[in-house]
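To start, the structure itself, in structure tokens.
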Amino acid sequence: MPKQTLESPQDLLHFQLRTAMTMENDSLAALQELAGAVKSAEIRKLFKHHQDETKEQIANLQEAFRLLEFKESTAPSPSTKGISKQAASLLERSAPKLRDQVALASALGNEHYEISAYEGLIIPVAAMGATDVEQLLRANLEQEQHTSEELRKTLQTLVG
Ligand SMILES: [Fe+2]
């Protein structure tokens, strides 16, 4: 068991924000990988659009660090690394005609993980009354939810 270092809700929030920063950096890289793997120009556009949004999300997280007077840094995010690893492995196994479907399903997994991460952050941040930070995190959450919906609809259309 590693030494316990998170003593207060503030310590926990700081650590979770550091993890979220890694999550978004991983998301940026994953979207790049997936955009390179798909055949459909429409799906590639969707990934590229969310890459642009992800850069805004990273800026929102940086602003959250600043508002909370936390030192900005990153912490390990094995979950997002795992999602990317699984996507790469499935793409490798899949025939070219299946890759659009695989990429959409993998991106959906990433978005759902991000949604859960933001929900886990927003609830305590709202409880502590940090309205400005809550708004930044909610903006990120809404983009993830919107992207998730777009991915779901695109997948539905793809498979008929
Ligand atoms: Fe994101």
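The values are calculated or read from the model by the stated rules, or taken from the named source; none is laboratory data. Predicted model only: the values in this text are computed from it and were never measured. Here Cβ is always computed from backbone atoms with ideal geometry, including for glycine, and neighbour counts include all displayed protein chains. Please note that ligands, DNA and RNA were not included when accessible areas were found on the heavy atoms of the full protein model with its side chains. Shrake-Rupley method; radii C 1.70, N 1.55, O 1.52, S 1.80 Å.
Key figures for this structure:
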| item | result |
| --- | --- |
| Glu24 vs. criteria surrounded by 14 or more Cβ atoms within 10 Å (Cβ to Cβ) and either polar (S, T, N, Q) or under 18 Å from Ala139 (Cα atoms) (or both) | yes |
| Selection status of Gln32, among the polar types (S, T, N, Q) and surrounded by fewer than 16 Cβ atoms within 10 Å (Cβ to Cβ) | yes |
| Near pairs, Cβ below 8 angstrom, 6+ apart or cross-chain, from region 38-66 (farther than 17 Å from Ala103 by Cβ) to any residue that is within 16 Å of the ligand (Cβ to nearest atom) and open to solvent by 80 Å² or more (accessible area, probe 1.4 Å) | none |
| Any hit, region 35-42, residues being within 16 Å of the chain's Cα centre (by Cα), within 14 Å of the ligand (Cβ to nearest atom) and either on the phi < 0 side of the Ramachandran plot or not in a helix (DSSP H, G or I) (or both) | no |
| Region 140-160 - residue that is away from the ligand (no atom under 11 Å from the Cβ) and hydrophobic (A, V, I, L, M, F, W, C) and, of those, least open to solvent (accessible area, probe 1.4 Å) | Leu151 |
| Some residue of region 124-137 being in contact (Cβ under 8 Å) with a residue 12 or more places away in the chain, within 13 Å of the ligand (Cβ to nearest atom), of a type in the set (Asp, Glu) and surrounded by 12 or more Cβ atoms within 10 Å (Cβ to Cβ) | no |
| All positions within region 98-112 that are touching a Lys or Arg at 6+ places or on another chain (Cβ under 8 Å) and either surrounded by fewer than 18 Cβ atoms within 10 Å (Cβ to Cβ) or under 14 Å from Lys153 (Cα atoms) (or both) | Asp100, Leu108 |
